Amino acid sequence: MRREDWEAGKSVSGASVDANGKFVVKVEKRTIDFVDYISANYVLVATGSSQQGYSFAAQHGHSIIPPVPSLFTFKIADKRLADLSGVSFTRVTAKLMLDGIQKSAPELTQTGPMLVTHWGLSGPVVLRLSAWGARELYQDKYQAKLVVDFIPDIHIEDVKRILFQHKDQHAKNKVNNAFPKEFGLVKRFWGFLLEQESLDGDMHWATVPKSHLNAMALRLKQWMFEVVGKGQFKDEFVTAGGVPLSEISLSTMESKKQPNLFFAGEVLNVDG
């Protein structure tokens with residue numbers, strides 16, 4: 001198609017196939033009474049999540065998977081988490097638990113960086129989980145459980161051992177000032193952990209009951225958060241849904257339903 005056909009605010013409003021198998025592309029300019037028809041050998045649909053692209057694909061024999069938001073942050077019920085806004089973790093393992101999925105889905109467990117925001121959790125781990133669970137999260141009205149392992153490279157028994165050793169070696173130190181460096185945690189998060197266990201940061205390590213140390217170890221390895229929605233600023237980046245990949249030749253991106261029709265980008269059922 002000629003470049004000049006796209007200038008001066010013109011847009012494609014449809015395309016049909018003639019008796020010779022060529023596309024007849026309808027071009028309009030809405031500001032004036034203008035309609036033109038252009039012959040094309042090939043058509044590439046790259047309309048993003050626009051309904052126009054889905055309608056065009058459906059007209060040419062494609063099914064459409066209903067689009068839903070994807071790649072978004074999680075709003076967490078615990079308001080106290082807002083005090084940790086800006087705290088980041090280099091490596092956590094997070095598992096998304098959804099009512100609609102009874103079996104354990106490997107893709108719903110992700111490992112990588114995570115960030116605490118003033119409304120919940122974000123970062124690559126959360127964004128990947130939101131993509132893999134996009135449709136189920138939508139169906140469950142964004143209600144789910146998120147289980148986070150903050151120190152995935154250390155076994156829980158080793159976590160307990162480190163805490164018990166720290167108790168013995170730092171008996172006279174306050175728990176808020178001296179904590180195991182092996183965990184790679186920042187002081188703000190350590191203080192938050194102590195609060196969750198109802199421990200006074202000014203108490204000495206010698207007075208911390210072993211039952212609390214066991215509880216802290218379990219929380220660090222299996223901390224459960226309640227997801228109550230998407231990020232409050234409608235910050236989803238893309239949508240999941242669109243033309244199924246099974247209806248596309250992935251080597252060329254050509255439609256299996258209509259020769260010489262190609263698709264690219266978010267109009268397809270892919271995201272991120």
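Just give me the residues in the stretch 130-163 being in a loop (DSSP other than H, G, I, E, B), of a type outside the set (Asp, Glu) and over 18 Å from ASN214 (Cβ atoms), in sequence order.
Scanning the stretch 130-163 gives GLY133, LYS141, TYR142, GLN143, PRO152.
Entry remark, the stretch 112-128: residues being in contact with a strand residue (DSSP E or B) (Cβ under 6 Å, 6 or more places away or on another chain) and touching a residue at least 40 places away in the same chain (Cβ under 8 Å) number 6 in total.
Could you please let me know if HIS155 is more than 24 Å from ASP83 (Cβ to Cβ), surrounded by 15 or more Cβ atoms within 10 Å (Cβ to Cβ) and free of Cβ contacts under 8 Å to residues at least 40 places away in the same chain? Spell out how you get there, then give the answer.
Working: more than 24 Å from ASP83 (Cβ to Cβ): yes; surrounded by 15 or more Cβ atoms within 10 Å (Cβ to Cβ): no; free of Cβ contacts under 8 Å to residues at least 40 places away in the same chain: yes.
Answer is no for this residue.
For the stretch 182-198, the criterion of a residue being without any contact (Cβ under 8 Å) to a residue 24 or more places away in the chain, open to solvent by 80 Å² or more (accessible area, probe 1.4 Å) and farther than 30 Å from ALA40 by Cβ is satisfied by at least one position.
Are any residues in the stretch 175-190 more than 23 Å from ASP153 (Cβ to Cβ) and either aliphatic (A, V, I, L, M) or at pLDDT 95 or above (or both), and if so, which ones?
Start the filter on the stretch 175-190 by keeping residues that are more than 23 Å from ASP153 (Cβ to Cβ), which leaves 175-177.
Correct list: VAL175 only.
The values are calculated or read from the model by the stated rules, or taken from the named source; none is laboratory data. Since the model is a prediction, treat every value here as computed from it, not as a measurement. Positions of Cβ are backbone-derived with ideal geometry, glycine not excepted, and every protein chain shown enters the neighbour counts. Ligands, DNA and RNA are stripped out before the accessible areas are found, and what is left, the full protein with its side chains, is counted by its heavy atoms. Shrake-Rupley method; radii C 1.70, N 1.55, O 1.52, S 1.80 Å.
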